[in-house]
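The values are calculated or read from the model by the stated rules, or taken from the named source; none is laboratory data. The structure displayed is predicted, hence computed values, not measured ones. All Cβ positions, glycine included, derive from the backbone under ideal geometry; neighbour counts span all protein chains shown.
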Amino acid sequence: MAVYFLDSSALAKRYVAETGSVWVSSLVNPAAGHRLHVARITAAEVMAAIARRAREGSFGPIEAEAAARRLRADLLALLRISEVSPAVVASAMDLAWRHGLRGYDAVQLAAALELHRSYRDAGITMTALCADAHFNTAATAEGLTLDDPNRHP
């Protein structure tokens, strides 16, 4: 069993076919037995990505509804939700300032770092998954183990 933190850009690949989608889906597959974490805000970010695809026409209405249902089911059954506490927001503020991150990216990174520390203290490696180069640069600077789904066609 591996432990992963998926930011929105990584998790969205489960619902939208693009580079890295097959790889992300294999990790999220319950048969893989991985422990999967997302920040609470990820639900809204991924739903917004699905809705945007539907508005832009790259998803038909039926396909978009199916993706939205699958996301909601995964949030209930597969994904462990990390709450965005005042401490996470305070950390996100520092990360945004230090690395020039967008607001939600800073919150995602702060949530990942909080989980990373708790797993590290238990002797377990957690890998953050993100498809955003700026986030990945900041995450690496902060000492996270990470992988970019875009490197897995």
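Working only within region 120-141, note down all residues that are within 18 Å of A39 (Cβ to Cβ) and either of a type in the set (V, I, T) or surrounded by 18 or more Cβ atoms within 10 Å (Cβ to Cβ) (or both).
Within region 120-141, M126, T127, A128, L129, C130, A131, D132, F135, N136, A138, A139 meet the criteria.
Does L27 satisfy being within 10 Å of the chain's Cα centre (by Cα), farther than 18 Å from F135 by Cα and surrounded by 14 or more Cβ atoms within 10 Å (Cβ to Cβ)?
When the stated conditions are applied, L27 does not pass them.
From the list R40, R14, which one is charged (D, E, K, R) and surrounded by 18 or more Cβ atoms within 10 Å (Cβ to Cβ)?
Working: R40 fails: surrounded by 18 or more Cβ atoms within 10 Å (Cβ to Cβ).
Step by step, each of R40, R14 is checked, and only R14 is charged (D, E, K, R) and surrounded by 18 or more Cβ atoms within 10 Å (Cβ to Cβ).
Check I41 against each of (1) at pLDDT below 95; (2) of a type in the set (V, I, T); (3) over 21 Å from A66 (Cβ atoms) and name the one condition it does not meet.
Checking I41 against (1) at pLDDT below 95; (2) of a type in the set (V, I, T); (3) over 21 Å from A66 (Cβ atoms), the one that fails is (1).
Within region 3-27, work out how many residues are among the aliphatic types (A, V, I, L, M), over 28 Å from P86 (Cα atoms) and at pLDDT 95 or above.
The number of residues fulfilling the criteria is 3.
If the Cβ limit is 7 Å and pairs must be 6+ apart or interchain, which residue in region 129-149 that is closer than 16 Å to W23 by Cα and of a type in the set (S, T, Y) pairs with which residue that is at pLDDT 95 or above and surrounded by 19 or more Cβ atoms within 10 Å (Cβ to Cβ)?
none
Is it the case that region 60-70 has a residue that's out of contact with any His (no Cβ under 8 Å at 6 or more places or on another chain), touching a residue at least 12 places away in the same chain (Cβ under 8 Å) and surrounded by fewer than 18 Cβ atoms within 10 Å (Cβ to Cβ)? Steps first, please.
Going through region 60-70, the residues out of contact with any His (no Cβ under 8 Å at 6 or more places or on another chain) turn out to be 60-70.
Filter once more, keeping what is touching a residue at least 12 places away in the same chain (Cβ under 8 Å): 64, 67-68, 70.
Those still in the list that are surrounded by fewer than 18 Cβ atoms within 10 Å (Cβ to Cβ) too: 68, 70.
Yes, because at least one residue in region 60-70 is out of contact with any His (no Cβ under 8 Å at 6 or more places or on another chain), touching a residue at least 12 places away in the same chain (Cβ under 8 Å) and surrounded by fewer than 18 Cβ atoms within 10 Å (Cβ to Cβ).
Condition check ((1) touching an Asp or Glu at 6+ places or on another chain (Cβ under 9 Å); (2) small (G, A, S); (3) within 17 Å of D147 (Cα to Cα)) across all residues:
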residue	(1), (2), (3)
G20	yes, yes, yes
V24	no, no, yes
N29	no, no, no
L36	yes, no, yes
A48	no, yes, no
R70	no, no, no
D74	no, no, no
A77	no, yes, no
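Select from region 76-107 the residues that are of a type outside the set (D, E, K, R), within 12 Å of the chain's Cα centre (by Cα) and closer than 17 Å to L36 by Cα and list them in ascending order.
Once the filter is applied, which keeps residues that are of a type outside the set (D, E, K, R), within 12 Å of the chain's Cα centre (by Cα) and closer than 17 Å to L36 by Cα, region 76-107 yields L79, I81, S82.
Taking the condition of being within 11 Å of the chain's Cα centre (by Cα), outside any loop (DSSP other than H, G, I, E, B) and hydrophobic (A, V, I, L, M, F, W, C), how many residues in region 108-134 meet it?
5
Being closer than 17 Å to A73 by Cβ and either of a type in the set (K, R) or loosely packed, with under 14 Cβ neighbours inside 10 Å (or both) is the filter here, so list the residues in region 43-56 that pass it.
A44
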